[in-house]
Amino acid sequence: MAEDGFMKVSRRGVLAGGVASAAVGQASILRAQDSSTGGAAKQAKVPVRLTVNGTPQELELDSRTTLLDTLREHLKLTGSKKGCDHGQCGACTVMVNGTRINSCLSLAVQHQGDEITTIEGLGSPEDLHPMQAAFVEHDGYQCGYCTPGQICSAVAVLEEIRNGIPSHVTEDLTGRMRATEMEMRERMSGNICRCGAYSNIAEAMAQVAKG
Amino acid sequence: MRSFTYERAASPAEAARAVATTQGAKFIAGGTNLIDLMKLEIETPTHLVDVQDLGLDRVEETEEGGLRIGTFVSNTALSAHPRVREDYAVLTRAIQAGASGQLRNKASTGGNLLQRTRCAYFYDTNMPCNKRKPGDGCAAIDGFSRQLGVIGTSDSCIATYPGDMAVAMRALDAVVETVKPDGTARAIPVADFHRLWGDTPHIETALEPGEMITHVRLPTPLGGQHFYHKVRDRRSYAYALVSVAAVIQSDGTGRVAFGGVAPKPWRSEAADAQLPNGAAAVVRTAFADARPTEQNAFKIPLAERTLAGILAEMRS
């Protein structure tokens with residue numbers, strides 16, 4: 001058991017460290033270029049207070065820090081992933097005040113006082129969220145990189161349907177929204193999976209939607 | 001991303017003043033387009049003025065029976081508003097045809113009107129672009145232009161306004177309300193909001209420096225049947241090759257605006273008048289002055305077929 005625990009920590013540690021050092025490497029080059037060419041590259045540190053998975057956080061951040069980098073680099077919550085970093089892939093999807101967004105396209109300073117829920121806040125290995133359990137049961141992933149974003153999005157999609165938010169494939173805009181496969185597939189189009197686990201993701205979602 | 005300072009404005013006029021008086025300042029609402037462009041250093045603001053605390057996140061009924069939409073209302077909230085679904089369905093349809101759920105939750109009404117083009121040469125900072133850098137030249141005109149504009153373009157720039165929401169707003173004759181740095185308000189018909197940029201493609205809208213969008217006003221409902229058909233390379237989460245927003249009455253008259261074809265939502269009242277004569281007549285009139293490239297000439301017959309599809313649906 002102790003060995004299992006150690007393996008878990010070290011694998012996560014390596015993954016987090018690897019991705020972080022690649023990202024930091026690139027960022028520091030850009031910053032170095034900034035100060036040499038731009039001259040007046042002022043370091044604008046700003047205080048940011050937000051609540052992440054129920055825990056209040058107070059941080060001093062460069063104003064450029066995205067919500068995603070805040071979670072990963074400053075709070076060491078590496079569940080949310082950096083895929084494209086341009087809002088195209090959905091790997092960084094988190095919930096802000098209950099609404100899913102791309103955390104890579106949002107600045108931490110825009111989120112003063114907000115409540116953020118990441119994949120780490122949805123459930124734990126001992127107590128999985130029903131959507132996490134359904135993804136495991138239906139094999140809704142292969143490499144797993146997009147999975148935290150997929151699961152956050154999937155949870156939010158079912159909530160959006162419950163709240164009567166229409167979609168591109170909703171025929172009757174004034175009727176009751178239903179969690180059909182067409183609806184779920186359309187609403188999940190902002191989450192890309194390069195392994196192509198889509199059909200299993202759809203099955204996992206359908207199971208949770210049925211309750 | 002370049003460094004910037006950040007503030008939250010306390011009133012619309014104060015926000016406008018802050019942007020007007022600070023060199024290199026920009027407004028930020030949702031930020032989904034701006035932050036993307038800042039990462040690429042296509043946008044390099046030195047100061048951001050956040051408009052989220054201004055109480056502009058509500059949709060209100062107007063006295064004449066229309067709606068007044070705060071600039072910070074998210075695309076999702078606007079498309080899901082009961083009155084919009086009931087009376088302005090073309091707008092719900094258009095918004096839901098664009099972007100992804102995550103983006104629509106964050107993107108704002110005002111910000112979406114100001115969404116910058118998705119021309120690949122505008123995004124590629126290794127390529128010349130008159131919009132990104134005035135006088136630089138245009139790599140798109142002789143480049144891969146399949147996605148780009150066919151009408152209202154110029155010898156300087158053939159980019160398009162990429163959004164969906166504004167195409168529906170054009171069909172509805174929405175009005176953009178603004179506040180200027182001196183505190184005075186202005187109303188700009190959405191028809192005049194986006195410019196045909198000629199040889200100044202870096203100036204995309206009628207907004208003056210520091211002028212801030214506060215609301216978008218929808219006139220009284222038009223009735224009729226509402227359609228937004230969007231043709232794209234995949235069925236979800238892609239920009240339009242061509243889109244058609246149409247509000248059509250039972251007698252066959254109506255309004256039609258085209259997206260994905262021009263620097264602005266493309267509509268002409270003369271083309272509207274051709275609706276009872278069918279899709280070919282409308283498109284012949286609307287696109288009479290088109291100057292497509294070899295690669296994007298297909299957009300004109302595609303526009304006709306997309307509209308024909310709507311008219312067939314209308315009849316059935």
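The values are calculated or read from the model by the stated rules, or taken from the named source; none is laboratory data. Quick caveat, the model's predicted, so the values are computed rather than measured. Neighbour counts are summed over all protein chains in view; Cβ atoms, including those assigned to glycine, are modelled from backbone coordinates with ideal geometry. Side chains included, ligands, DNA and RNA excluded: accessible areas come from the protein's heavy atoms. Shrake-Rupley method; radii C 1.70, N 1.55, O 1.52, S 1.80 Å.
Report the paramagnetic label zone for B:L196: residues of the range B:274-315 whose backbone N is under 12 Å from a point 7 Å from Cα along the Cα-to-Cβ axis. Those under the cut-off are B:287-291.
As a test of reading the structure, rank B:W197, B:W266 by solvent-accessible area (1.4 Å probe, protein chains only), most first.
Order by accessible area, largest first: B:W266, B:W197.
Solvent exposure of B:H47, expressed as accessible area, is near 20 Å², computed with a probe of 1.4 Å over the protein chains only.
Holding the Cα-Cα limit at 24 Å, pick out from B:K39/B:K230; B:K131/B:K264; B:K133/B:K299; B:K264/B:K299; A:K82/B:K39; A:K45/B:K39 the pairs that are longer than that. Pairs exceeding 24 Å: B:K39/B:K230; B:K133/B:K299. Provide, for q = 0.06, 0.07, 0.08, 0.13 Å⁻¹, the log10 of I(q)/I(0) from a solvent-free Debye sum over equal Cα point scatterers in the protein assembly as shown. Log10 of I(q)/I(0), two decimals: -0.29, -0.40, -0.52, -1.40. Report summary: the helix-based calculation at 222 nm, which adds -39500 (n - 2.57) for every DSSP H run with n ≥ 4 and divides by the residues of chain B, gives -7000 deg cm²/dmol.
What FRET efficiency do you get for A:A133 and B:D124 if R0 is 41 Å and r is their Cβ-Cβ distance, rounded to the nearest 0.05?
0.40
Across the range A:58-68, computed HN-Hα scalar couplings (Karplus, 6.51 cos²θ - 1.76 cosθ + 1.60, θ = phi - 60°) run 10, 9, 10, 10, 4, 4, 7, 5, 6, 4, 4 Hz from first to last residue, x flagging Gly and Pro. In summary, the helical segments of chain B meeting the span-like criteria, namely a full DSSP H run, a Cα extent along the axis of 20 angstrom or more and a mean Kyte-Doolittle hydropathy of at least 0.0, are B:299-315. The Rg/Rh ratio of chain B, with Rg taken over Cα atoms and Rh as the Kirkwood radius over Cα pairs, comes to 0.96. Computed from backbone phi with θ = phi - 60° and the Karplus coefficients 6.51, -1.76 and 1.60, the 3J(HN,Hα) list for the range A:110-127 is 6, 10, 4, x, 7, 9, 9, 10, 10, 4, 5, x, 6, x, 10, x, 7, 9 Hz; x is used for glycine and proline. Dividing the Cα radius of gyration of the range B:1-117 by 2.2 N^0.38 Å, with N the residue count, gives 1.14. Rg and Dmax of the range B:114-255, based on Cα coordinates, read 17.0, 52 Å. Compared with the direct C-alpha span, the chain from B:E63 to B:R186 gains 42.4 nm at full extension, assuming 0.36 nm per residue.
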